[in-house]
Structure formats: structure tokens, C-alpha cells
1. Working carefully through the options A:ALA34, A:ALA41, A:ALA7, A:ALA14, find the one that is closer than 20 Å to A:HIS97 by Cβ and of a type outside the set (Asp, Glu).
2. Give region B:47-64 a look and list any residue that's assigned to a loop (DSSP other than H, G, I, E, B) and surrounded by 16 or more Cβ atoms within 10 Å (Cβ to Cβ), or say none.
3. Being facing another protein chain (nearest Cβ under 9 Å), surrounded by fewer than 19 Cβ atoms within 10 Å (Cβ to Cβ) and in contact with a Gly (Cβ under 8 Å, 6 or more places away or on another chain) is the requirement here; does B:GLN139 meet it?
4. Look at A:LEU131 and say whether it is outside any helix (DSSP H, G or I) and within 12 Å of another protein chain (Cβ to nearest Cβ).
5. Identify, please: which residue in region A:137-151 is closer than 20 Å to A:LEU89 by Cβ and free of Cβ contacts under 8 Å to residues at least 40 places away in the same chain and is, among those, nearest to the chain's Cα centre (by Cα)?
6. Could you tell me whether B:LEU103 is within 14 Å of the chain's Cα centre (by Cα), of a type in the set (A, V, I, L, M) and within 13 Å of chain A (Cβ to nearest Cβ)?
7. Kindly provide the set of residues from region A:35-51 that are away from chain B (no Cβ under 14 Å) and more than 11 Å from DNA strand C (Cβ to nearest atom), ordered by number.
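The values are calculated or read from the model by the stated rules, or taken from the named source; none is laboratory data. What you see is a predicted model, and the numbers here were worked out from it, not measured in a lab. Using ideal geometry, Cβ is built from the backbone for each residue, glycine included, and neighbour counts are taken over all protein chains shown.
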2 protein chains.
Amino acid sequence: MATGSSARTDILDAAQARFARQGFDGTTIKLIAADAGVNSALLYYYFRDKERLYQAVLDRLVQEMVRRGVRRLEAPGTPEERLRGFLELQGEIFGGHPHFYPLLLRELVDHAAARAVEQIKLVAATMFRRLCEVVEQGQREGAFRGDLDPRFAAISCVSMVAHFFTARPAIGLFLGHSTQGPPRAVVQAYLRHAADFAIAALSAPNLAPARARLKGSAR
Amino acid sequence: MATGSSARTDILDAAQARFARQGFDGTTIKLIAADAGVNSALLYYYFRDKERLYQAVLDRLVQEMVRRGVRRLEAPGTPEERLRGFLELQGEIFGGHPHFYPLLLRELVDHAAARAVEQIKLVAATMFRRLCEVVEQGQREGAFRGDLDPRFAAISCVSMVAHFFTARPAIGLFLGHSTQGPPRAVVQAYLRHAADFAIAALSAPNLAPARARLKGSAR
DNA sequence: GTCTATACGGGGATAGAC
DNA sequence: GTCTATCCCCGTATAGAC
């Protein structure tokens, strides 16, 4: 309700940026108001307090992530193609919008995600579940090795992309750049590497690499 | 100097726990003092201000991590054994001491690691460099595939372990437990999986499967 | 809906006694 | 070295005018 309000979404946007950059405790209501170009008392009109403003930001974010993630996982293609597509989307989201992943990350770190239990359960029941099903399908079709726990495999694949953005400042220095992180081209190169690395680990073991694609019809 | 002082280390220990759990902004001097069982003014005697107290905590932590990491990487053995040993240590450190990884993680997230630039450069020049050399050695010896950037491979391997602990609350829910994270046995199982997954990706045959798939035929 | 003005508390930091 | 007492700022939140 009242979604048309410009001030309301301005506040949400400003809050998202600040919470992502400085965390809950490090962000002040007055600063958000200044960013949004409104008076600080207005924040209490739209959202009851700082806590609920944070919740509203988090809600909006997780819902968008789940929506895009599930849609990508349900795209047509082989399990390998769908997994690659999902990892690609992950890179787009985490790398593209500067306030997306940092906010999720903070929520995980700040209070052991206590404020996001419901949202995480949603992710578990939709996106994560779907991702595991893709791995399982690949296993049934013989493209992926069958001796892996699909949930562990899913976590490993996602981790290689996620942690790159988590540790972005450190990785920037590791690779000879700055704490701003590596330049875009290096990020892209890493993301390609990570997808290949994941598929290599998942692919059926060396014995019969060429025969792995039994039912595969090269399209 | 003055390392014998009990109050000083008590303060450092208490500060480490609080900073790890609640972050810099979320932690108060008075609370740290209460945890350490000393008066809050004493913190200003040993450390000039909150900022320097935080720095001291971070210093102590990174130095211990580097020391243990490098020692493990320089242990005798094949590249595979040394990589496995390093990932095992990573799991021990991150999983074992509850304030170790959360503090590093916060530093990465909080201000793009601005407070830890020097420490990260130390890690880059010692531990990370050493880890890359292990991968390179494996490549020269033919145990690991040669078509990977050793730095990217190193990052991928570490990521699979690190992100598991980063996202611990979420992964706990994903696997049907709580935001406290999965039980110890599941953590151990995942760590074994991650090491195997990493080695599988590194050992995968060079070109045959990946290229064959493109053409859809492997003679 | 949006603003001004303000209360109320809490946090960092200091002076100085012991 | 350790504590008591205190200052001062700033952040959240509310009351109420427009």
C-alpha cells in the first residue's frame, strides 16, 4: 500500500545504500533523511522506527533476489547450462548493484541473521532447493558425478562466486590492485574461471569423460 | 611491551569477542570494560581510544593467522597434501575459535577493510603467495591442470571453506537446522567435501572434456 | 504529508583522586 | 595502574504546527 509515494521509496533507497555501506549501528536516521532529501521526522511517519525501516529494506531486497534467481534456474537448458546461468546471474547481481550483496552480507554477520530468518527460509524453500534439483538432475543424467551431496555441491559452487565479493577488498590487494577490488575485466575473468572450476569438479570422473553425455543432444 | 599485564590482555580478549559479535559501532567501551572486569577509563590508559583498541585486536589476530597458515603451507608433502592441510587448518581456525573469522569478516565488510590495509598486504605477501606457489608446483609436476590461473584457483579453493562460515546462519537453515549453523558433524562432512571438490577441479584432465562438449562429439 | 523544536538517553573521552 | 565523577556530543524518537 501507498507504494506510489515518492518520498517513501526515496527513503528506502537511501536507507539501503547507507545500511549496506555502514551497517545498522553505523547508520543514522538523520543521514538517511539527508540522503533522501527529506526531513528526518518523516522516516518515523512511514516506518515506525529504525528497526522496521531496516526490515523493509531487507524484504524488498530478498524478494527481488529470489524472483530473479528462481527464474534463471527454471530457464530451459541442460543442468550445466542452468548452473552456469545461475552463477552468471549471481555475478551480475553481486557485482552490478553496489548495495545488494553488502547488505545481505551484513545481515549474516551482524546478528547471525536473526532479523532475516523468515527471508532465509524463503530462499531455502525456493532458490536453494531449485539449485539442488538442478545438480540432482545432472547427476541422474550422468553429466555430474553421483558421489556428491547435491546440497554441498550447490553450496560450494555458490561460495566461489560469493566469497570473491565478500573478500573483494582483500582480493583486490592480493591481485595487485586496491581495496576497491580488482578492475571489471579481472572480475569477469574470475567469474568465468569459477564457473569452469565448478563444472570441472562436478563433471563425472576422468574414467569416461567423453561418454558422460549419454542422453545429451548437442543443440 | 608491557605484555605481562593481565588487565591489558583481558581487555584485548573482551574487545575481540565484542567486536566480532557486534562490530565496531555496535560495541561500547563500557561494555568491553564490564566484560573484562575493569573500569572503562582503564581502556583509555592502555589504548589511546576505541579506534586503536580495535587496531590492536586486529593486529594480534592477523599475525596469528599468518603464522599458522604459512607454517602449514610449508609442511612437507605433495602439493595436494599441502593444499588439503591448508584447507583443513582454515576449517579449524574458522570453525574452532568463535571470534576469529567473524572479526576478519567484519573488517572486510565494514569499511572495505580500510583499517586493515597493512595487514592484508602482509597476508598477500606471505600466506596467499605461498598458497599460489603450492598450486604452481602442482601444475609443474603434472598433478594439477595447467590451464588455470593459480591465483584464481587458490581463491576458489579458499572461498569454498570461507563462505561456508560466512553464510553459516543461512546454511544452517538451508540444511534444516538453525541460524546457529549446522551441527559439528555436518561441518566436518562439508569440509571433507570441499577439499575433495577442490582437488577434483584442480586435477581434472586438461582439454578433452571441455572442448569435446562444444562439438558434441569426442571421437 | 512534511516540517520545527525538543526530550531523553547513551556513548566516547577526560580530569584527577588514590 | 586503577578507579570516580563528569562533560559533551549525537542519535533515536516524539509532540505538535502547518
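1. On the way: A:ALA34 fails: closer than 20 Å to A:HIS97 by Cβ; A:ALA41 fails: closer than 20 Å to A:HIS97 by Cβ; A:ALA7 fails: closer than 20 Å to A:HIS97 by Cβ.
Sole residue among the options that is closer than 20 Å to A:HIS97 by Cβ and of a type outside the set (Asp, Glu): A:ALA14.
2. So the first thing to find is which residues in region B:47-64 are assigned to a loop (DSSP other than H, G, I, E, B), and the list is B:47-49.
Answer for region B:47-64, where residues must be assigned to a loop (DSSP other than H, G, I, E, B) and surrounded by 16 or more Cβ atoms within 10 Å (Cβ to Cβ): just B:PHE47.
3. Working: facing another protein chain (nearest Cβ under 9 Å): no; surrounded by fewer than 19 Cβ atoms within 10 Å (Cβ to Cβ): yes; in contact with a Gly (Cβ under 8 Å, 6 or more places away or on another chain): yes.
Answer is no for this residue.
4. Numbers: outside any helix (DSSP H, G or I): no; within 12 Å of another protein chain (Cβ to nearest Cβ): yes.
No.
5. Step one: list which residues in region A:137-151 are closer than 20 Å to A:LEU89 by Cβ, which gives A:137-138, A:144, A:150-151.
Filter again for free of Cβ contacts under 8 Å to residues at least 40 places away in the same chain, leaving A:150-151.
Numbers: A:PRO150: 19, A:ARG151: 17 Å.
Among those that are closer than 20 Å to A:LEU89 by Cβ and free of Cβ contacts under 8 Å to residues at least 40 places away in the same chain, it is A:ARG151.
6. Criteria met by B:LEU103.
7. So the first thing to find is which residues in region A:35-51 are away from chain B (no Cβ under 14 Å), and the list is A:35-49.
Across region A:35-51, the qualifying residues are A:ASP35, A:PHE47, A:ARG48, A:ASP49.
To keep it simple, each residue is scored yes or no on (1) over 28 Å from the mean Cα position of the chain (by Cα); (2) in contact (Cβ under 8 Å) with a residue 24 or more places away in the chain; (3) not in a helix (DSSP H, G or I).
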{"site": "A:ALA14", "(1), (2), (3)": "no, no, no"}
{"site": "A:GLY23", "(1), (2), (3)": "no, yes, no"}
{"site": "A:LEU31", "(1), (2), (3)": "no, no, no"}
{"site": "A:TYR45", "(1), (2), (3)": "yes, no, no"}
